[in-house]
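Working notes, beginning with the structure itself.
Read the figures in this text as sums done on the coordinates, not as results from a lab. Please read these numbers as outputs of a predicted model, since none were measured by experiment. All Cβ positions, even for glycine, are placed from backbone atoms using ideal geometry, and neighbour counts span all protein chains on display.
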Amino acid sequence: MARSSRARSEAVKAVKKTHKGTLLLGLLCLLIGAAIGVAAAWFMTKDDAFTLNGDKQVALALGGEYTEEGVTIVSFGRDISDKAVISGDTVDVNKEGVYQVVYTVKDFRWGSYQLVRTVTVGAAAEGGAQ
């Protein structure tokens, strides 16, 4: 026990004798490291994107043709468009209405993001187009 008490006492003395310049240098290195980390993260993600292919709003005549155009997703410089999950409404071109197609990705910059395409079929689409 006396040995551990003496070791603790010597450690406390060593910390108290640490030169202020050494502490300042340590703090400076910590700040420089943090700045380099932020710059590296920005550089790795600066070209990331989650965008709809085609229009955000589509208007179709009743019985028209709807082609799903999908999304483009780039995360950390890689194309991960295949990770998009399509949900929401199923567009029925034979039934008037407003449909929302939802695209979700969970691997885009550490989170879950969604984009929505609105498809209007029928009279509402024709009225809006005039």
Option label - Rg/Rh (Cα atoms, Kirkwood Rh) computed here, alternatives [x] 1.42; [y] 0.93; [z] 1.46: [z]
Cα-centre dipole for the chain with unit charges at Cβ (Lys and Arg positive, Asp and Glu negative), debye to 20: 2160 debye
For Ala59, residues with placed amide H under 5 Å, excluding near neighbours: Thr120
In nm, spacing of pseudo-spin labels at Lys46 and Asp79 (7 Å Cα→C-beta vector): 2.3 nm
Selection from Val121, Ser87, Tyr66 lying farthest towards where the dipole of the chain points positive, charges on Cβ: Ser87
